[in-house]
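The values are calculated or read from the model by the stated rules, or taken from the named source; none is laboratory data. Note that the structure is predicted; figures quoted are calculated from it, not measured. Here the Cβ is made from the backbone with ideal geometry for all residues, glycine too, and neighbour counts use every protein chain on show. What goes into the accessible areas is simple: the full protein's heavy atoms, side chains included, and nothing from ligands, DNA or RNA. Shrake-Rupley method; radii C 1.70, N 1.55, O 1.52, S 1.80 Å.
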Amino acid sequence: MPKARRIGVPKRKIVDEGEVIRWFEAGWTYQQMADEYRRKYNLETRLSMWANFRHRRGLTRRITRDDDLIPWAVEARHRQLYPLAMLRVEARARAGMSLDQDSRKRLQSWRAMLTRDNVVVDYDPEAGDGFCYVPREESDDDIIRRPARKTTQRRNADPR
């Protein structure tokens, strides 16, 4: 009688879960993990595999979604702009997540500019650059100009 073959069950690619968990704790990016697996184990992995592993093990996200700080549905053409990048760093800082030295210095400098120039971040998807700095008004209670309603489709993730 022939041996039964398992069809459609992928081979397990995580060689050492403890090692991968240490990488997550050290703040490695998914790309760094994929590159290390290729170098160390000669295994090709998809970035989604690392995200799925993180989620299945209940590990802390490396990114922070703060829809109070980024309440807008940001168009793809505006997603790499500096004000949004700094709002993401600010969100990490507020969430108590670790920041590398460069990010801490850039955030400190950016916050100082906002204070010095007495401005807040605003977003208008119809404007060419999308993000702009506008004079702080009495109603501004944070480093952004709050829209009348949130339009983000990426709500805070992984509530705990």
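Exposed loop positions in the chain were taken to be GluC sites (Glu not before Pro) whose DSSP state is not H, G, I, E or B and which have at most 16 other beta-carbon atoms within 10 angstrom. Between these positions, the longest stretch is 76-125. Remark on residue 67: its backbone amide H falls under 5 Å from those of 156, a criterion applied only to residues 5 or more positions apart or on other chains, H modelled at 1.01 Å from N. The order of 78, 55 by accessible area, most exposed first and with a 1.4 Å probe, is 55, 78. As I understand it, the value is the acute angle between the Cα axis of helix 30-41 and the longest principal axis of the Cα atoms of the chain; what does it come to in degrees, rounded to 10? In the chain, helix 30-41 runs at an angle near 30 degrees to the longest axis.
For the chain, the relative contact order is 22 percent, taking Cα pairs closer than 8 Å that sit 6 or more residues apart in sequence and dividing their mean separation by the residue count. Ordering 29, 115 by accessible surface, largest first, gives 115, 29; the 1.4 Å probe counts only protein heavy atoms, with every chain in place.
Measuring with a 1.4 angstrom probe and ignoring ligands and nucleic acids, residue 48 comes out at about 60 Å² accessible. Sparse packing (at most 12 other Cβ atoms within 10 Å of the Cβ) combined with a DSSP loop state is found for the following trypsin sites (Lys or Arg not before Pro) in the range 13-72: 46. Phi angles across the range 49-55 convert, under the Karplus curve 6.51 cos²θ - 1.76 cosθ + 1.60 with θ = phi - 60°, into 3J(HN,Hα) values of 4, 5, 5, 5, 4, 4, 5 Hz, Gly and Pro given as x. Identify all aspartates and glutamates with a Cα-Cα distance to residue 105 below 16 Å; exclude those on the same chain that are fewer than 8 residues away in sequence. Once the sequence-local aspartates and glutamates are set aside, what remains near residue 105 is 90.
Calculate I(q)/I(0) for the range 9-160 by the Debye formula, one identical point scatterer on each C-alpha and no solvent, and give its log10 at q = 0.09, 0.11, 0.16, 0.17 Å⁻¹ to two decimals. Treating every Cα as an identical point scatterer, log10 I(q)/I(0) equals -0.38, -0.55, -0.97, -1.05. Net charge dipole, the range 30-160: roughly 940 debye, given to the nearest 20, about the Cα centre with Cβ charges of +1 for Lys and Arg and -1 for Asp and Glu. Taking the helices alone, the chain has a mean residue ellipticity at 222 nm of -12000 deg cm²/dmol, built from -39,500 (n - 2.57) per DSSP H run of at least 4 residues and averaged over all its residues. Listed by chain and number, the aspartates and glutamates whose alpha-carbon sits under 14 Å from that of residue 40, ignoring those within fewer than 8 places in the same chain, are 16, 19.
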